[in-house]
Amino acid sequence: MFTGIITGVGRIADLHALGSSLDHGKRLSIEAPAGYLDDVGLGDSIALNGACMTVTSLDLATRRFTIDISAESLARTTGLGQAGTPVNLEKALRPQDRLGGHIVSGHVDGIGRVTHFGQVGESWELRVMAPPELGRYLAYKGSITVNGVSLTVNRVADSAAGCEFSINLIPHTVENTTLGTLAAGSAVNLEIDTVARYVERMLAAGATFTKDPA
């Protein structure tokens, strides 16, 4: 479990195929910021651009850790298939941590496409076109995770192409995550609000709620 509050920006240092066919995944070696891995152990969960991964090896001297990512995960995410790519990092939530963003599972629901990224005053406006099937989960002032970053939706506009949503990025977010490198056309990982999943499930099942007379 995560919160969508990025704790560091790493880099995919190396990438190796785990087999010779397209059914095989890849092993990624991630270079982390200085000191980032001091409290990390084998088997720990770290989200890379919003995708939850398991640490399979550690090298504190080179500040690197490895993860194995399946072909399925590579096909359903973006930004994890090329060496040299910067990635947002977040360690798994601990019971005593502050929930600064919103509840994030680290499971990417779909890939969106940036339609606009530009400065407005001291901040930046980011507009993303989400796939049509994710549009029903997006709402004004609701939460969305973009490349692992917890953000608030400021506007939604549905169309046949999908649902374009707008978010505001403060300078701190632009400077301390990889979102500042985005441009129109960039692909981004999206995870919808977990609460929205349950609401849809209950409504689809025709759930009804009655007040306890006691």
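Residues that are free of Cβ contacts under 8 Å to residues at least 60 places away in the same chain and aliphatic (A, V, I, L, M): list the strands (runs of 3 or more DSSP E) wholly contained in the stretch 33-89 that include at least 2 such residues. Give the derivation first.
On the way: elements: 45-48, 51-54, 57-59, 64-69.
So the answer is 64-69.
Give me the residue from the stretch 6-32 that is outside any strand (DSSP E or B) and within 21 Å of T85 (Cβ to Cβ) and, out of that set, most open to solvent (accessible area, probe 1.4 Å).
Going through the stretch 6-32, the residues outside any strand (DSSP E or B) turn out to be 6-7, 18-25, 32.
Checking the rest, the ones that are also within 21 Å of T85 (Cβ to Cβ) come to 6-7, 18, 22, 24-25, 32.
Working: I6: 34, T7: 82, L18: 75, L22: 163, H24: 82, G25: 9, A32: 3 Å².
By that ranking, first place goes to L22.
Six or more apart or on different chains, Cβ under 9 Å: which pairs go from a residue in the stretch 177-206 that's open to solvent by less than 50 Å² (accessible area, probe 1.4 Å) to one that's of a type in the set (D, E, K, R) and in a strand (DSSP E or B)? Could you list them?
Filtered contacts from the stretch 177-206: G185/R113; S186/R113; A187/R113; V188/R113.
The values are calculated or read from the model by the stated rules, or taken from the named source; none is laboratory data. Predicted model only: the values in this text are computed from it and were never measured. Cβ atoms come from the backbone with ideal geometry, glycine included; neighbour counts cover every protein chain shown. Ligands, DNA and RNA are stripped out before the accessible areas are found, and what is left, the full protein with its side chains, is counted by its heavy atoms. Shrake-Rupley method; radii C 1.70, N 1.55, O 1.52, S 1.80 Å.
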